[in-house]
Amino acid sequence: MTVIGSKIQWVRKFVASFILAISILIVVPDFNRPNAQEPIGRVGAFSLPNSPWDVQWQRFRENVQASGLELEYFIRGELGAEESMLASLKRDRLQVSGISLQGIASVIPEINIAMAPFLFRSQEEVDFIYDKVLLERANQLLEPHGIILLRWLESGWFSIGAQSPIQAPADIQGLRIGGSPNVAIQSFLNAVGADAIPIASVDLVQAMQTGLVDGAIKPTALIYSNLREDVKAVALLNVAYDTGGLLANRGWAVSLPNEHFQALVEGHGPSDAVRGEVRKMVDEQIEEMGALGIQVTIPSIGERNIWEGIGLSLHDDIIEQVGGSTQAVYDEIREALENYRLTN
C-alpha cells in the first residue's frame, strides 16, 4: 500500500471512530439526572413566599417529582389572574392550578352558597362538609367544564379589618368595606349597613391607602399579610369560611397512570396537616397583630347572636340570586350538618 493510501485509510478510521463516539453521547441517557424526561404539564398558582402555602407547594413539587411525573411550576402568579388560569385550564394549556373558592364559583356559581354567612359553627363542621359533601358535588358541577377538583386547600375564617373596632353591626354602618364579589359576602355587607365595594385582593392595599375603602372583609391570614400596616382594628367575626381547590384539566388528569394521579391528589400532604399548618399560622398572626398595636376584637355572645341573626336570614335570598341548582346544594349541606350536629 502506498503512503497516500495508508493515510486515507487512517483518516477513514478516525472519522468512523469520531462518528461512533458522538452517536454514543447523543443516545446514552444521563443516569445522574433523577428525572430525565421532559415536563408534560404546567402548574399555576399564586403563593406568598415563606407562607404555609409556599411550603405546601414546595412539598407538592417534591412529592410529584418523586412519583416520576415532571411538571413546570409557576406558583408566584406568573400566569396572571385566576380568570386567565381557569381559561387555560379548560383549554389544556395549563394542567394543574390552585384556585380560590371565589375563582371556582366563577365557573360553578352554586358553590357560592358555601360562603353563606354563619352557615358553619366550627372548623370541624367546615372540614366535614367540604370533604363529605362539597368535594363530590363540586366535581359533578365541574365535569361539563372539563375540570376536576382534586382536593380542597385552606384559607380560613373571614374577618373584618378597619380603622376602628367593630363589635356590633352598628359599628360598621356607613363604612366602605372592600371584599370579594361573592354574592354571599356582598349580601352580608349590605344587610349590616356597610357600603359594599367589590374589589380584588390585589387591589385592596391601594384602595385602603387612597381612601377608596375604609376596611376589608377577607380571611384573617390575608388581612395580616396584605393590610396589617393599613388597618388599626380586626374583628374576628368568623362570618364565613374561605378555602380553595387544587384543580386539573380533567382529560389530562384522568389519562395519567394511577401513581401520578394519586401524587397530584396527595402532593400537598394529608388534609389534617395542610389545614393545621394554615390554622397555626393564623393563630400566630392574631397574636402578632396585638403586638403591632392592632386592636383585635371578638364579639360577645349577645353581639354574635345579632350578627348571626342577620346572616342566617339572608340564605334564601342568596340561593335565589345564584339560581341554578343552588337550592339542592344548600339542602344537601343543611341535611349533612344536622346529622353531624346530632352525633358530635
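A short reminder: the numbers here are calculations on the coordinates, not readings from a lab. Nothing here was measured: the structure is a model prediction, and the numbers come from that model. Counting neighbours? That spans all protein chains shown, and the Cβs are built from the backbone with ideal geometry, glycine included.
The table below lists the values:
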{"item": "In nm, spacing of pseudo-spin labels at residue 48 and residue 312 (7 Å Cα→C-beta vector)", "result": "3.3"}
{"item": "Residue 61-residue 170 FRET efficiency (beta carbon distance; Förster radius 51 Å; 0.05 resolution)", "result": "0.60"}
{"item": "Using a Förster distance of 25 Å, the FRET efficiency for residue 340-residue 280 (Cβ separation, nearest 0.05)", "result": "0.55"}
{"item": "Listed candidates [x] 18.9; [y] 17.3; [z] 24.4 - label of the one calculated as mean projected area of the Cα convex hull in nm²", "result": "[z]"}
{"item": "Nearest 10 degrees, 0 to 90: helix 3-27 Cα axis against the chain principal axis", "result": "20"}
{"item": "Distance in nm between pseudo-label sites at residue 72 and residue 321 (7 Å out along the Cβ direction from Cα)", "result": "4.0"}
{"item": "Value of [θ]222 nm, deg cm²/dmol, for the chain, DSSP H segments ≥ 4, -39500 (n - 2.57) each, nearest 500", "result": "-14500 deg cm²/dmol"}
{"item": "FRET efficiency estimate (nearest 0.05) - Cβ-Cβ, residue 139 to residue 298, R0 45 angstrom", "result": "0.80"}
{"item": "Between helix 326-343 and the chain: long-axis angle, C-alpha atoms, 0 to 90°, nearest 10", "result": "80"}
{"item": "Helix axis angle, 271-291 relative to the chain longest principal axis, alpha carbon, degrees", "result": "60"}
{"item": "Rg to Rh quotient for the range 180-232, alpha carbon positions, Kirkwood Rh", "result": "0.94"}
{"item": "Kirkwood-based Rg to Rh ratio, the range 60-118, C-alpha trace", "result": "1.07"}
